[in-house]
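Every number in this text was worked out from the coordinates using simple rules, so none of it is lab data. Predicted model only: the values in this text are computed from it and were never measured. Here the Cβ positions follow ideal geometry from the backbone for every residue, glycine too, while neighbour counts run over all protein chains shown.
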Amino acid sequence: MILATGNRHKLAEMTQLLPDLDLQPLPPGVEMPPEDGDSFEANALIKARAARRATGEAVIADDSGIAAEDLGGATGIYSARYAGEGAGDEENLAKLLREVDAAGGSRRAAYVCALVLIDAAGEEHVFEARCEGELLREGRGEGGFGYDPAFVPDDTGPDDRRSYSEPSAAEKNEISHRGRAARLLAEHLVAAPEGRP
């Protein structure tokens, strides 16, 4: 099964989340179209359909990001390029925290993941999941990537103030938006007719 990404980090994470699948990256030279959808689901479908056309294989694609309550859901679908095209994780995170500080209200946020499967028969299935939490005033922790250092998930409990960057990968996968979406996909595959990935 093809994972519609060239990102080695995402391939490693999805391989951990879906250990029963033989996930393969996009073959070299496959160009992905612009992610110009208006939702996480739309962008995941754009990637999945392009990978399916290019390979003819069953494919999985995801789109995910963080949505801050006081910013009307920003960064949303622009999470990877929030501070502009070519901006890195640090610039994107710094911009988000500046804007949340300036809003001066709630620091509530949620990570969202839309995971799309196009199976061997060409049928499309969408699995979406969230992880609710709040944003710190500055990042901390060495693990994770993106906005992880500033996001404290609710699911670890009110006395646990670790950011998404501080738990072990296994612990994070239990509560993460991507982990939850992957489990929904895995449950679907278990229930799917034999021979259809």
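Take the stretch 62-97 and flag every residue that is of a type in the set (A, V, I, L, M, F, W, C) and closer than 17 Å to residue 111 by Cβ.
Answer for the stretch 62-97, where residues must be of a type in the set (A, V, I, L, M, F, W, C) and closer than 17 Å to residue 111 by Cβ: 66, 67, 68, 71, 74, 77, 80, 93, 96, 97.
Looking only at residues that are in contact with a Lys or Arg (Cβ under 6 Å, 6 or more places away or on another chain) and in a strand (DSSP E or B) in the stretch 93-125, which one is farthest from residue 164 (Cα to Cα)?
118
Between residues in the stretch 120-138 that are touching a residue at least 60 places away in the same chain (Cβ under 8 Å) and surrounded by 16 or more Cβ atoms within 10 Å (Cβ to Cβ) and residues that are assigned to a loop (DSSP other than H, G, I, E, B) and of a type in the set (Asp, Glu), which pairs lie under 9 Å by C-beta distance while being six or more apart or on different chains?
Going by the 9 Å Cβ cut-off, the qualifying pairs are 125/119.
Are any residues in the stretch 139-153 without any contact (Cβ under 8 Å) to a residue 60 or more places away in the chain and either in a helix (DSSP H, G or I) or of a type in the set (Gly, Ala, Ser) (or both), and if so, which ones?
Within the stretch 139-153, 139, 141, 143, 144, 148, 149, 150 qualify.
For the structure I just gave you, tell me whether residue 115 is more than 21 Å from residue 181 (Cα to Cα) and hydrophobic (A, V, I, L, M, F, W, C).
no
Looking at 128, 174, which one is acidic (Asp, Glu), more than 15 Å from residue 18 (Cα to Cα) and outside any loop (DSSP other than H, G, I, E, B)?
128
Within the stretch 154-165, count every residue that is free of Cβ contacts under 8 Å to residues at least 40 places away in the same chain, surrounded by 13 or more Cβ atoms within 10 Å (Cβ to Cβ) and under 17 Å from residue 97 (Cβ atoms).
Adding up the residues that qualify gives 2.
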